[in-house]
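Working notes for the structure below.
Laboratory data are not the source of any read-out in this text; all were calculated from the coordinates shown. Just so it is clear, the structure is predicted and the values come from calculations on it, not from any experiment. Glycine gets a Cβ as well: all are built from the backbone with ideal geometry, and neighbour counts include every protein chain shown.
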Amino acid sequence: MQDDIKGDSLRQCGLVADDGSGINGRLAFERPAWPQAHRLKDCTLGAFTFFNAAGVTCAYRVHFGRYSQIGESSILGPPEHPQDYFSSHPFAFTRPQYMPSMYQLDDFVRLAPEADDGPSYVDTVPSETYIGHEAYIGAGCFVKRGVRIGNGATIGARAVVTRDIPDYAIAIGAPARVVRLRFSEQIVERFQKLQWWRYDLAPFKKKVDYSKVEQTLAFFEQQLAGGQLQPLRPDTYCVRHVNGERVVEKRDRPLYFA
């Protein structure tokens, strides 16, 4: 962790997040990223992650890969309540570190578990959700906590994703089902091998036409083989709250491929 940067400096650090009021807990990000005014709790954003500005998307402990694209009004990785406990209400299973706002009221403190009461339900179930590099999440989607969306995958609007989605698969429906791959298996294999999101593509923007998939893929394969692709090493920061004030700390390495 390096120098602290206070106040309205998020945009200076490469984060377009309106006034930052949607950031809860910690947010680690590679620049640039566009979470807009959406609600993010304990998330990470890879470089060039983009959220549609409309609606309100909520993400909980979600790790977004580079170039991921998130449609409006989606719910990603929400907490789950146990269905086999005496009660599914938080008083039966939570801890102060997970739901501090509820512990602000003495009525709840009197009833609920204490911090040193041992492992909670949250500690026994998957708590992290992963959105792959260059994955696309359509508007109004629900992604179950613990799910992993593959690199380059596309999730159709209003899909309900309850299980992992493979790389470059297109999934639609409720529950979501894979209908096909975005490209042929041979092309997908080449994309998986290239992993273009690891590299700085900006120097080549005048030399490619991104609408032509095979030609562009072949061009970057040649550049990689010739040692011309340089790693993308974006400046990386962590946003957190200290005594009610937002603090932005610069990190010494990227989130991905450090």
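Odds and ends about this structure:
- Computed about the Cα centre, the dipole magnitude for the chain is approximately 920 debye when only Lys and Arg (+1) and Asp and Glu (-1) carry charge, each at its Cβ.
- For peptides 105-114, 172-181, sequence by mean Cβ density within 10 Å, most packed first: 172-181, 105-114
- The relative contact order of the chain, computed from alpha carbon pairs under 8 Å that lie at least 6 residues apart in sequence, is 18 percent.
- Charge-dipole axis of the chain as Lys and Arg at +1 and Asp and Glu at -1 on Cβ define it, positive-most pick from Ser74, Gly140, Gln222: Gln222
- Theoretical gain in end-to-end length, Glu245 to Ala202 [0.36 nm per residue, Cα-Cα removed]: 11.9 nm
- In region 171-219, chymotrypsin sites (Phe, Trp or Tyr not before Pro) in a DSSP loop with at most 11 other beta-carbon atoms within 10 Å: Tyr210
- Applying a DSSP loop filter and a limit of 12 other Cβ atoms within 10 Å to the chymotrypsin sites (Phe, Trp or Tyr not before Pro) in region 8-86 leaves Tyr85, Phe86.
- Each listed q (0.15, 0.17 Å⁻¹) maps to a log10 I(q)/I(0) for the chain, found by the Debye formula over equal Cα scatterers with no solvent: -1.16, -1.36.
- Förster radius 22 Å - calculated FRET efficiency between Asp84 and Asp107, Cβ distance, rounded to 0.05: 0.30
- Dipole magnitude for region 97-210: about 1000 debye, using +1 per Lys or Arg Cβ and -1 per Asp or Glu Cβ, origin at the Cα centre.
- Extension gain from Val16 to Gln192, taking 0.36 nm per residue of separation minus the Cα-Cα distance: 60.4 nm
- Using just its DSSP H runs of length 4 or more, each adding -39500 (n - 2.57), the chain gives a mean residue ellipticity at 222 nm of -3500 deg cm²/dmol after division by all residues.
- In this structure, Thr124 and Phe91 have a Cβ-Cβ separation that, at R0 = 25 Å, corresponds to a calculated FRET efficiency of about 0.90.
- Pair Gln230, Ala139: separation of 7 Å Cα→Cβ label points (nm): 4.0
- Of the trypsin sites (Lys or Arg not before Pro) in region 199-248, those whose Cβ has at most 14 other Cβ within 10 Å and which sit in DSSP loop: Lys205, Lys206, Lys207, Lys212
- Projecting the Cα atoms of Ile131, Gly156, Thr236 onto the charge dipole of region 100-258, computed from C-beta unit charges around the Cα centre, puts Gly156 farthest toward the positive end.
- Each residue, Val56 and Ala174, gets one label point 7 Å from its Cα in the Cβ direction; the gap between the two is 1.9 nm.
- Gap separating the Cα centres of region 27-99 and region 212-258, nearest whole Å: 21
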